[in-house]
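Working notes, structure below.
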Amino acid sequence: MELIEKKEKDKKEIKLGDDELLDLVMLDKQEAEKYFSKNVEPGVVMRYQLLNGSEEYYSQRFPKLHNLCKFKSSDIKDVVEWLMPSFTEVFFGADKIVGIFGRTRDDDPDVLEKVIEYQIKTQNKGYVILDQWIRDALESGLGVIRLEWEHREVKTDNDYHATAEEYLYMPPEMAKKKVKNVEPLPDGTYILTMKDIEVVKDQPVLRNVMPGEYIYLPDESEDGQMVFECHRRKMLYNDLMRLGKLGIYKNLEDFEFIANTSDDSSMDRIADAIRNYVGESKSIRNDVGFDASNRENQDARKTVLLYDCWGQYDVDGDGLLEYVHVVTANNRILFKEINEVERSPFFHLSFYQNSYQEWKASVADFLQDDQDLKTALLKQIIINTTINNDRSFIIDGSQIDARKDLESGKKIIRLNLGMGKNASDVIVPAPQYELPKEAFTLLELASTWSEQKTGITKYNQGLDAGSLNKTATGISQIMNASKQRMRKMARDGAENGIVPLYKHLIKLDKMYLKSDFTFRLTNNYYDFAPDDINGDYDVQITSNIGLQDKQLTIQNLMLMFTQILPNLMQMNAASPQGMYETANQIIQEMGFTNPDKYLGLEASSVSASNTANQIVQMLPNIMMQLGQQLGLSPEQAGAIAQQLAQVIQQNIQQQQPMPTQAEIAASMQTPGQNHAADAIKQIPTTEQNARQQGIFR
């Protein structure tokens, strides 16, 4: 009790009046608007114009060429669309990119990892939100996501049946606050109508912040927190009033609509660039009188410009800065509090790290010049080809009928030939103009520059059929070099975006999860208690193989499962749990999201007391699925799975060294049945797999 009273006593309060606090926030907001409009907005608009091949951009960049040809090169969009599946596989694949680790042996992260997975995947649309976060970072450099804890309650009236003793001995304070109505019954009991509070939401909430909605001041404190950040967004008046009825927003009496000023013009310009059109749709609706929000009694359809601000101010007069969360709209404060989490809810994602950068780079920053050059060259080539394919004619001015026939596009041209004249004397096609060979050389050079800057080549995009005839070693080196670059980008993104997000989510869970609950994840049910996450945890990057070839990953895992782990188990250096987890990972790499369904056993059921025989019994199904994925027939895959399981089981029981692949094949040479031995020999190598999949020949 003393500790709680001390915490309540030390809790800080905002002592500034609303007018003074609003003045501070508005000063920061206006300065952040100016900073954003001058330093950030122009670059972001240009990035989206390049991404979308904006007519406006190229009409200004190449006015004469653009009037003759509308073609635009799409290098930037191609690179973004090629990178997205790779990063999606890294961040959402079976092999997790970051892991949670306890700082001591008593800090068990397993429950915490499952809770976070449930919160991201089930309570939030994790894939959709994080996928958009990645796309925003690649396209605009403004990859921003927002994470907050949301707690909502509703007041309800519920009827309870109570005995006379329960009603008469009810604490007076409870009876006064909660009992709304009492109805006596003939049998001496009562129906009590009581005012209850029902929790309808108590969870972390992830939201995307659209590029252009996030503004900030570049000044930072020693711990890396910006002194002012703000999420400006347009909200329906209807939604604003609903939040007011829930008690979240205050000061909504006599709320007057104020016409939008130039404050949000930079946000609208970026929104237009993202959608690839010029002009605000709302202003267009107003021009033609089709805006329903202007009709009588339809104020709920109007939009309000909301500023959700986090700033550092001294609000209690102690000479130190507090982290304050303030929401304003129409020059009034709707919400204010000292942020107990002591950081803003915004998390930035960037795949391109520059030294001391003011803001993050995007794909367009690397490829702008290359795309512009290729667009100009291709426009010229197209225009030249068009002219040569539809050449004009040089005609004698006295040939009136011929000129009319040419202008009208007739198939028959009437010529008046004088004595000794031929058709070529009075009408000839205009000369054909050939492009210099340097133009094509320059076009190829521009493509080479693009490959050098991004690491994405014709080889690993699968666009160059000629590359399929190259050597396996050469193609492998090209693909590995590309994967190294993407692995670096993925690690940078995880370090500066995913890791801080997870750390903050762990902090929120430890602060706000106070009750037991049961949750479902991949069709399994788990029980949670707040004590399960007591302790200290670190978040670290755990994987560098997310971009590795899936077939090679499966083969490496199979090598661990069939040769390394059984030998380690003989030396008591590995456990059945390790065998189970390896089999689990193999199934996930094959693309199945619920391995327990195929193994028939949950990880919690596998303990050190399990014999190796129980784990080995799982091998046939795994081997059969793997063999079929490698191209073997079902008969061959089934034979190799069955025979290999028997060999491993006998080896473990006899505590013999693990046999080699050749020994396994030899042991399968039984009269009249050589399917397993033949299948062993027919399992393709990595190079053979690549040939079969068309990577090279």
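The values are calculated or read from the model by the stated rules, or taken from the named source; none is laboratory data. Since this is a predicted model, take the numbers as computed values, not measurements. All Cβ positions, even for glycine, are placed from backbone atoms using ideal geometry, and neighbour counts span all protein chains on display.
List of remarks:
- D308 vs. criteria more than 30 Å from M486 (Cα to Cα), surrounded by 12 or more Cβ atoms within 10 Å (Cβ to Cβ) and free of Cβ contacts under 8 Å to residues at least 24 places away in the same chain: no
- Any chance V144 is under 30 Å from V44 (Cβ atoms), exposed (fewer than 13 other Cβ atoms within 10 Å of the Cβ) and either touching a strand residue (DSSP E or B) at 6+ places or on another chain (Cβ under 9 Å) or not polar (S, T, N, Q) (or both): no
- For region 75-121, the set of residues classified as under 22 Å from K488 (Cβ atoms) and β-branched (V, I, T) consists of I76, V79, V80, T88, V90, I97, V98, listed by residue number.
- Residue ranges of helices (runs of 4 or more DSSP H) in region 34-153 with at least 3 members closer than 26 Å to A583 by Cα: 75-92, 110-118
- Contacts under 7 angstrom Cβ, first residue in region 568-593 being closer than 16 Å to T553 by Cβ, partner of a type in the set (K, R) and not in a helix (DSSP H, G or I), 6 or more apart: none
- Residue check, E438 farther than 30 Å from V45 by Cβ, assigned to a helix (DSSP H, G or I) and under 46 Å from the mean Cα position of the chain (by Cα): yes
Each row is one residue, and each column tells you yes or no for (1) within 26 Å of P109 (Cα to Cα); (2) modelled with pLDDT under 80; (3) surrounded by 15 or more Cβ atoms within 10 Å (Cβ to Cβ); (4) touching a Gly at 6+ places or on another chain (Cβ under 9 Å).
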position	(1), (2), (3), (4)
F528	yes, no, yes, no
I533	yes, no, yes, no
V539	yes, no, yes, yes
G546	yes, yes, yes, yes
D549	no, yes, yes, no
L557	yes, yes, yes, no
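Results for (1) modelled with pLDDT under 85; (2) in a loop (DSSP other than H, G, I, E, B); (3) within 24 Å of the chain's Cα centre (by Cα), shown as yes or no for each residue.
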position: T448; (1), (2), (3): yes, no, no
position: I456; (1), (2), (3): yes, yes, yes
position: G466; (1), (2), (3): yes, no, no
position: R487; (1), (2), (3): yes, no, yes
position: G497; (1), (2), (3): no, no, yes
position: I506; (1), (2), (3): no, no, yes
position: K510; (1), (2), (3): no, no, no
